[in-house]
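Chemist: Below is a structure I'd like to ask you about.
Since every read-out is calculated from the coordinates, none of them should be taken as a lab result. None of the values given here were measured: they were computed from a predicted structure. Positions of Cβ are generated from backbone atoms using ideal geometry, with glycine treated the same way; all protein chains shown enter the neighbour counts.
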Amino acid sequence: MTTTWTSLKADCIACRKCSLYEGRTNLVFGVGDESAEVMFVGEGPGEREDQLGEPFVGRAGQLLDDMLAAIGLDRSKVYIANIVKCRPPGNRDPLNVEQEACIGWLRAQVQLIDPKIIVCLGRIAASVIIEKDFKITRDRGKLYDRGKYALMGIYHPAFVLRDPGRRPEVFEDLKKLEDYIKSHCISTVCE
C-alpha cells in the first residue's frame, strides 16, 4: 500500500472501487495530527463534510469538539477519519460493499499514524474495527486490547444529538478514555 500521506491521498482521490465517488463533492480523507496517538473513526461523511472535504464539521462535529475539550483534547492533537471517504446518498449508513472497498484507505492511515488508541464513533465503525457483533449500547466504553492498539467504541455524536439523554453515558466513556490516555502517558495529554 501507499507509504506517504501525499501519495495515499492522491490514490484515494482517484479511487473508483465503489459507486460512492460518483456522488461526492469532495473526498473526506481525514484531518488532524498525522502522528497522533489518539485516532477517532466515524462511519462516513455527511452533507456538510462532503461540502467542505473535512470529517465532523457539522452539528455532530461541534459536539465532537465539545467531547474532546471535556478531556483536554482538540482536533490539533488527534486524527479524525471515517470508514468510507465519500458521502453515502441521503446520509444513509455505508453499505458493506462500500465499507469493504474503502477499508484499505483507513488501514493505510492507521499504519502511517500508528496511534496508541483508536476510538470508534458509533456502531458501524466499532463493528468494522473492533468486532463484527459489537453492540453499541452493550459494549460502548470498553477497552479492547488488539496487540499494538487499544480500541474503544463510544456513541456517535449524531446519535447523541438525536438522543440527548445519552450524554451522561458519553461523559462516562470519555472519562474512561481520559484515564486510559493519562495512564499510558500519551503525549497529547501528558505534555
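Chemist: Using Cβ contacts closer than 10 Å as the measure, can you line up Y79, Y180, Y149, Y155 from fewest to most?
Modeler: So the residues, fewest neighbours to most, are Y149, Y180, Y155, Y79.
Chemist: At a temperature of 37 °C and a viscosity of 0.692 mPa s, determine how fast the chain diffuses translationally according to Stokes-Einstein, using the Kirkwood radius over alpha-carbon pairs as Rh; express D in µm²/s, rounded to the nearest whole number.
Modeler: 199 µm²/s
Chemist: Which FRET efficiency value, to the nearest 0.05, do you get for L112 and K135 by plugging their Cβ-Cβ distance into 1/(1 + (r/R0)^6) with R0 = 22 Å?
Modeler: For L112 and K135, the calculated efficiency is 0.10.
Chemist: Rounded, prolate or oblate, given the Cα gyration tensor of region 83-176, with a/c below 1.5 counting as rounded?
Modeler: Oblate is the answer for region 83-176, as a/c is 1.5 or above yet b/c matches or exceeds a/b.
Chemist: Multiply the residue gap between R162 and N91 by 0.36 nm, knock off their C-alpha separation, and tell me the result in nm, one decimal place.
Modeler: 24.1 nm
Chemist: Most mobile of L68, L121, L161 per a Gaussian network model of the chain (Cα springs, under 10 Å)?
Modeler: Top of the fluctuation ranking is L161.
Chemist: Now a separate question. On a full-extension model of 0.36 nm per residue, what is the gain between E34 and D65, subtracting their alpha-carbon distance, rounded to one decimal in nm?
Modeler: 9.4 nm
Chemist: Which entries of K85/K175; K77/K175; K9/K116; K17/K85; K17/K132 show an alpha-carbon separation above 19 angstrom in the structure shown?
Modeler: With Cα atoms farther than 19 Å apart: K85/K175; K9/K116; K17/K132.
Chemist: Got the relative contact order for the chain handy, in percent, Cα pairs under 8 Å and 6 or more residues apart?
Modeler: Taking the mean separation of contacting Cα pairs over the length of the chain, I get 24 percent.
Chemist: To the nearest 20 Debye, how big is the dipole of the chain about its Cα centre, given +1 on the beta carbon of each Lys and Arg and -1 on that of each Asp and Glu?
Modeler: Taking the Cα centre of the chain as origin, the dipole is about 340 debye.
Chemist: Right, something else. Test of understanding: in a Gaussian network model of the chain with alpha carbons linked when under 10 Å, which of V57, V160, V84 would top the mean-square fluctuation ranking?
Modeler: Residue with maximal mean-square fluctuation among V57, V160, V84: V160.
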